[in-house]
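Here is the structure we will look at, set down as C-alpha cells.
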Amino acid sequence: MFKKILIANRGEIACRVMRTARRMGIATVAVYSEADAGALHVDLADEAVCIGPAPSKESYLDAGRILEACRRTGAEALHPGYGFLSENADFARRLEEEGIVFIGPKHAAIAAMGDKIASKKLALAAGVSTIPGHNEAIGSPEQAVAIARQIGYPVMIKASAGGGGKGLRVAWDDAQAHEGFASCRSEAKNAFGDDRVFIEKFIEEPRHIEIQVLGDAHGNCVYLWERECSIQRRHQKVIEEAPSPFLDEPTRQAMGRQAVALAQAVGYQSAGTVEFVVGKDRSFYFLEMNTRLQVEHPVTECITGLDLVELMIRVAAGERLPFAQQDVRRDGWAIECRINAEDPLRNFLPSTGRLIRYRPPAEGAGVRVDTGVREGGEIPMHYDSMIAKLIAHGDSREQAIARMREALNAFVIRGVSCNIAFQAALLQHPRFQSGRFDTGFIGEEYPAGFSAAHLAPAEPLLLAAVAAFARRRYINRAVRTSGQLRGHERKVGSEWRVLAGERRYALILGSIEGGYRIEHEGRAHVLTSDWRLGELLFRGSWDGQPVCLQVERRGLVYRVYHQGAEADMMVMTGRAAELLALMPDKPKPDLSKFLLSPMPGLLSGLAVSAGQEVKAGEKLAVIEAMKMENILRAERDCTVAELLAQQGDTLAVDQAILRFA
C-alpha cells in the first residue's frame, strides 16, 4: 500500500479523499493556488505545496507544476478528484512515465472514453445502446445547421471534451443551432482547450440516469447500481439520488450489464460512471463515460456501504476487488443536494465573498456533509460555486427526503448567497416527491425563473410566532437590565403585532414553562424552546411537533428561515404598529438607465459602444464567473449613452457597466 499520496484538487473533494487516506494510514499532500492559501484542504493535509496563481490554468490545470510537487514531496501516487486534470489522458500518461501511480484508470481508457465522439463508437462496438447523431467533429455553424436539420430538431450540441454542463446547448431551430455551435466551441476551448463539437438527437422528456462501475487490474468489474441525476439546471446536476424512483429491476440490470461491458471493452481499472439518457418508456441510450470519481458518489456509498475512494486507492495499488456482483447490496435510499454559492432569486448568478457564518448540520442519524470550506473562509471567483454536498440516507425515499429537509433547515450560511432555499422548494414539490420528473423539470416548473413567490412559507404563523418569541426574549433581558439600573422593572404587555410585508398578525403571548402560549384569531398554540439570544438555530416544539428554524435579529427586524421560506418581521406593540403605518415610504433610486453587473466577475466582453442603438435581446456584455460565461442582453430597444467599465475589469455585484440614454 502507498505511504504517501498527493491530491491534485481543492475544495470538498480534496478533503474527502484526505479523510479516507488518513483512515487508511496514508500520508497526504495538498496542492493549492495562491487564492487557496488559507483553504481547509491545505490545513487537513500532512504537507502542502503552492502551485501557482489563482487562475486554474496557472495552478490546478498546470500538469508540470503538479508533477514537480509530486517529485518534491516523494508522493508515490496521485488522486485527481474530479474536474481539473482528472480526465486528462496525457497527464495520466506522464505520471505513469514518472513512476507515479495515477489513482484512476489507465491513460488509454481515459483517452478512449474521455473523447465523446470516440466513446460513442466504442459503445456501439461493445453492444451499448447509443443516441442517433453525427459522431464526427463539426467545422462550422453552417455545417451544424445542416446536420441538425438532417437529424431533426431538437438536437443537442456538445463539446467533445465537455463536462459539468459546459460546452453544451440544446437547439430547437436553425438560429439556435448556429448560435449554439459558436457558444459551445468558444466555451469548450476556454474550459478544456479542445473546441471540437458534435451533435446528437435530443431525447424529449428524458431522464439522466448513470451507472457506477468499478474495475480492477485482474479483469474483475462490477456495477454498484444507479444514480438518478435528472434534477438539473442548465445541464448541471442539482439533486442526485440512489436508487432511481423510475427504473424497474429488468431495466436496472440491463443498464448495469451494458455499463460493465463498456468498461471491460477498454480494460477499465478504477471507479467510473457510465451515463445514460432514459426515455419515458424506459428505453436507454449511452451518453458518455466519466473516467473519474463523480461529485454524487456519496449516495452510492450510502446504499452500498462501500468507500469508493478507498476502493480506488486499493485498485491502484494492485489489489483485487474484495467482492463480486452478487455481493453488492442496496440498502435504503440516499439523496444528495449540492449547496452552491449562487443566488436563486437572481437567476442563480454566482456569489463570492467571505463565509461570515458557516454551520453545517450535525452529521449522523442519516445525515452526511462533504465540504471544503469553514467559517471565515472565502468563496473565490476563480473556481466552481460548490460550498458543500449534503447527503441524507433513510430506509425509504420518504424518510431520506424528510431527513434532507430537516438538515437544510439547520444549514447556516451567511456572507454569500446560496441555493438552500431552492433545494428546499424542490424537495417539497409534489412532482419531486412522487418521482414524476425528467431533466426538464426545473425549466417546466420555474419557466420564468425562481422567485420569492415560490418561497411562501407553508406555516406563516409559525414564523411569526418564532419572531415574537425571539422579541420577547430580548425584551425580557432589557426588563431585567432596567430593573437593576432603576430599581424597578418596566411593564410588558401581552398583546403584540407582527408585521411581515403586507401581512399582520395580532398575537397574545402568555408565559409558560419553556416558552409561550400564543393566541391568534381565537386559537391557542404552544411554542417552547431553549433558544438563547444570538443563536441562529431555533430548535423547539410547536403544538407538540419538533421544529427547526433559523432566526436572526437585524435591528428592529427579525429574519426567520424555514423550509426554504424567508420572512422579515417586525414585532411591536399595537400602538407602535399604528404609528409606523403613518410613516411615509422612502422612494427607491431610479436605476433603470444603468446596466448593472448582476454578480462579481470578470468583464470579458463588451459588445456595444457609446452612442450605439441596440434592439431588445441584443448582447450587451459578457461576464465570466466561476468558470461560466454569462451574457447580459438588452431588455428593450435603447441607445447606449456611455460605457462605465472596460473589458478586462473585475466587477463587483451591482456595479454599473454602462448607462442608457
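None of the figures in this text is laboratory data; all of them are computed from the coordinates on show. Because the structure is predicted, anything quoted here is derived from the model rather than measured. FYI the Cβ positions are ideal-geometry reconstructions off the backbone, even for glycines, and counts take in every protein chain you see.
In straight-distance terms, cross-link reach from Lys120 covers every one of the aspartates and glutamates whose alpha-carbon lies under 16 Å from its own, apart from those fewer than eight places away in the same chain; here that gives Glu136, Glu200, Glu210, Glu275, Glu288.
Converting phi to 3J(HN,Hα) with the Karplus coefficients 6.51, -1.76 and 1.60 and the offset θ = phi - 60°, the range 223-238 yields 10, 10, 6, 10, 10, 8, 10, 7, 7, 10, 10, 6, 6, 10, 5, 10 Hz in sequence order, with x at every glycine or proline.
Remark on Ser270: its backbone amide H falls under 5 Å from those of Gly215, Asp216, a criterion applied only to residues 5 or more positions apart or on other chains, H modelled at 1.01 Å from N. Placing a label point 7 Å from the Cα of Gln264 along the Cα-to-Cβ direction, the residues of the range 210-239 whose backbone N falls under 20 Å from that point are 211-226.
Peptides 529-541, 392-404 ranked from most to least packed, by the mean per-residue count of other Cβ atoms within 10 Å: 392-404, 529-541. Just how far, in whole angstrom, is the range 89-110 from the range 281-298 if you go by their alpha carbon centroids? What the calculation gives is 22 Å, centre to centre. Classify the range 585-659 as rounded, prolate or oblate from the Cα gyration tensor: take a ≥ b ≥ c as the square roots of its eigenvalues, call it rounded if a/c is under 1.5, otherwise prolate when a/b beats b/c and oblate if not. Since a/c reaches 1.5 but b/c is at least a/b, the shape of the range 585-659 is classed as oblate. Does the range 139-211 come out rounded, prolate or oblate, given a ≥ b ≥ c as the square roots of the eigenvalues of its C-alpha gyration tensor, rounded meaning a/c under 1.5 and, failing that, prolate meaning a/b above b/c? Oblate is the answer for the range 139-211, as a/c is 1.5 or above yet b/c matches or exceeds a/b. Working note: 222 nm ellipticity from helices only, DSSP H runs with n ≥ 4, each -39,500 (n - 2.57), summed and divided by the residues of the chain, gives -8500 deg cm²/dmol to the nearest 500. Amide H contacts for Gly353 (H built 1.01 Å from N in the peptide plane; partners 5 or more residues away or on another chain; cut-off under 5 Å): Ile379.
Classified by the C-alpha gyration tensor, the range 460-580 has a rounded form. Its axis ratio a/c, with a ≥ b ≥ c, is below 1.5. Over the range 29-122, Cα pairs under 8 Å with separation of 6+ residues give a relative contact order of 19 percent.
When you restrict to C-alpha pairs under 8 Å that are six or more residues apart and normalise by the size of the chain, the relative contact order lands at 9 percent. Couplings 3J(HN,Hα) for the range 584-591, derived from phi with the Karplus relation 6.51 cos²θ - 1.76 cosθ + 1.60 (θ = phi - 60°), are x, 7, 7, x, 7, x, 7, 10 Hz, where x marks Gly and Pro. Charged side chains reduced to their Cβ positions (Lys and Arg at +1, Asp and Glu at -1) give the range 4-103 a dipole of some 280 debye around its Cα centre.
Coordinate range of the alpha-carbon atoms in the range 4-103 per principal axis, descending: 31, 29, 23 Å. Think of the chain as having a plus end and a minus end, set by charges on the Cβ of Lys, Arg, Asp and Glu; of Gln325, Leu308, Met570, Met570 sits farthest toward the positive end of this dipole.
List, in the order given, every pair from Lys3/Lys106; Lys588/Lys615; Lys121/Lys389; Lys201/Lys237; Lys189/Lys619 whose Cα-Cα distance in the structure shown is over 31 Å. Going by Cα-Cα distance, Lys121/Lys389 fall outside the 31 Å limit. Candidates Ser529, Ile623, Gly74 compared by Cα position along the dipole of the chain: farthest toward the positive end lies Ser529, with charges placed on Cβ.
Its relative contact order, with pairs defined as Cα atoms under 8 Å and 6+ residues apart, puts the range 506-661 at 14 percent. Charging the Cβ of each Asp and Glu at -1 and of each Lys and Arg at +1, and nothing else, the dipole of the chain about its Cα centre rounds to 1740 debye. Phi angles of the range 85-101 translate, via the Karplus equation with coefficients 6.51, -1.76, 1.60 and θ = phi - 60°, into HN-Hα couplings of 9, 5, 10, 9, 5, 5, 5, 4, 5, 4, 4, 4, 5, 7, x, 9, 6 Hz per residue; Gly and Pro are given as x.
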